[in-house]
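Read through the structure below, which is laid out as structure tokens, and then see the notes.
Bear in mind these aren't lab numbers, they're just calculated from the coordinates by the rules spelled out. On a predicted model such as this, the values are computed, not experimentally measured, just so you know. For neighbour counting, all protein chains shown are included, and Cβ atoms are generated from backbone atoms with ideal geometry for every residue, glycine included.
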Amino acid sequence: MTPSEKLKKNLKRRLTVMLIPHSEFRPIQLNFSVAFLVFLVVGWTGLTVWSGFIVSRHVDYWRARTNESVLRAKMWYFTQQMDQSREYLDRVKETEIALQNLLNMKTRKAIVQSDKGMGGPTAMDNRALIGMLTGRRPSLRVEDMQTKLADVEQSGQSVISNFKDISNYIKDQRELFRSTPRDWPVKGRITSGFGQRRDPFEQTDGEFHRGLDIANAFGTPIQATADGTVLVASWQGGYGRMVVIDHGRGFRTYYGHTSKLLVKPGDRVKRGDVIALMGTSGHSTGYHLHYEIWQNGRAVNPMRFVKVQEE
């Protein structure tokens, strides 16, 4: 007998299953072939596998829907946070513009051409506004998130750059203020101004006086009129005992005819520091200070600067 014939013979065998109840009911007898039993097992197994597949697909579907909802909620939250960050940066920009106007900054970022201001909402902003007015959340896209991130990053970098400019401008203006001669170097009365005058010794016309003569008592304290470094503190011919201070920014100040020097070359001095005492050393007719201001290599009228203190 071949294997196939043997298999067919076994499948045709009959099986009897008897159910005997524990009561007065008669036993139930079921007769079926081995082939039918195999069919039931295979069918049940297939149905179980198919049902598991269907359930698994539904579980994966609802899990994906849940994950999508969670992801959309997170994206919405991050979008709101980025909008708040952008709003904060906009307020910072307003403060920055106000500072620039207050400082009257003359830089490429100064708002000196406010009539040419440009700007406007993006398409994403329009969608967000429509969503707010209709009570529906606008659809969120990865491109929108990337645009918002780029916008916030660009705004942050712009604010940092602008505030660096403001900081540098303030620092520059502070240094310029500290380097610019102002205030009176000494108390007293003006005995000779800047410009043409008669020679006090020869009594001839044509002498150009490059400074300001301020007279007072012997030993009156003389003060530096700006921050700087002492270049000269020694006897200099007709100037007598003289102090020269380099203030940077093209400014230098001369203090001549002093009786005593209180600084030496290389000393750092600040505006208001006493650097010498009034005298009549050198080419002088009496106790006074000869005060000069040089700007970018030429002597200028000190009255342009000492008047700042009087205003």
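One way to sum up the overall shape of the range 209-286 is the equivalent ellipsoid from its Cα gyration tensor, whose semi-axes run 19, 13, 12 Å, largest first.
The HN-Hα couplings worked out from phi for the range 41-57 by the Karplus form 6.51 cos²θ - 1.76 cosθ + 1.60 (θ = phi - 60°) are 5, 5, x, 4, 5, x, 4, 5, 5, 5, 4, x, 5, 4, 4, 4, 4 Hz, whole numbers, x standing for Gly and Pro. Taking all Cα pairs closer than 8 Å and separated by 6 or more residues, the relative contact order of the range 189-310 comes to 27 percent. Annotation for S4 and R178: the two label points, set 7 Å from Cα along the Cα-Cβ direction, are 10.8 nm apart.
Peptides 23-31, 294-302 ordered by packing proxy, namely the average of other Cβ atoms within 10 Å per residue, highest first: 294-302, 23-31. Placing R0 at 35 angstrom, the Cβ-Cβ distance between R65 and F39 gives a FRET efficiency of 0.35 after rounding to 0.05.
What the phi angles of the range 270-282 give under the Karplus curve with 6.51, -1.76 and 1.60, with θ = phi - 60°, is a coupling list of 10, 4, x, 5, 7, 10, 6, 10, 5, x, 9, 6, x Hz, glycine and proline written as x.
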